[in-house]
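The values are calculated or read from the model by the stated rules, or taken from the named source; none is laboratory data. In this text the structure is predicted, and so the values were computed from the model without any measurement. In this analysis, Cβ positions are derived from the backbone assuming ideal geometry, glycine residues included, and neighbour counts consider all displayed protein chains. Protein only, heavy atoms only, side chains kept; ligands, DNA and RNA dropped before computing areas. Shrake-Rupley method; radii C 1.70, N 1.55, O 1.52, S 1.80 Å.
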Amino acid sequence: MKNNIENEVYYGTFSIGHKSDDSEEVSTEALRQSYTEGNLDAGNKLALRLQKGRLCKANPEEALNIFRDLAQKGHLMGIYNYAEALESGRGTAQNLDEAKKWYDIAIDRGLPAAMANQAFLLMFGPMDLQDYQRGYELALDASALGEEEAMYLLGLFHITDKYGRKDEFK
């Protein structure tokens, strides 16, 4: 996707919040303008910058509002980043139930990073959210798709008796 913005060019990319490839070539204001014109990828990049204070002043509350808007519009990375913000409490009070709900939406759309995050939440989250079997299945699915954090999580499952899957060979 390409948008020309006053002599600047923004190329929309598929980037996950914790693995962002954010480019300094486009100003924050150019991203803001592109987002206001309907470019949801620009909105995701803008929110990532605002959340982290990268190349602009940090504003996690504004980032959360943008992620919420993107999630409600069905933007996959917006859904994921909204869930991640809810899980970590960036820009809002932590809300694990709501984070789980949004991760499930991203999982239904096949996003491996959401599978891995949900697996961690189901394994290490509060007792009322824990579901080791579902967490294990999600970690398996995500690792089969190349998600490294899920591979690490599978190692945790297999190295300890805590989860009923000890198998040091695996």
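Values computed for the structure shown
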item	result
Gyration tensor verdict on the range 48-141 (Cα atoms; rounded if a/c is under 1.5, prolate if a/b is larger than b/c, oblate otherwise)	prolate
Solvent-accessible area, 1.4 Å probe, carbon plus sulfur percent, for the range 20-131	48 percent
Neighbour cut-off at most 14 other Cβ (10 Å), DSSP loop, trypsin sites (Lys or Arg not before Pro), the range 57-144	LYS57, LYS73, ARG109
Taking the range 20-170 and dividing mean pair separation by its residue count, relative contact order in percent (alpha carbons under 8 Å, at least six apart)	11 percent
The range 20-83: GluC sites (Glu not before Pro) in DSSP loop, at most 15 other beta carbons within 10 Å	GLU24, GLU25, GLU37
Overall form of the range 99-149 per C-alpha gyration tensor (a/c, 1.5; a/b vs b/c)	oblate
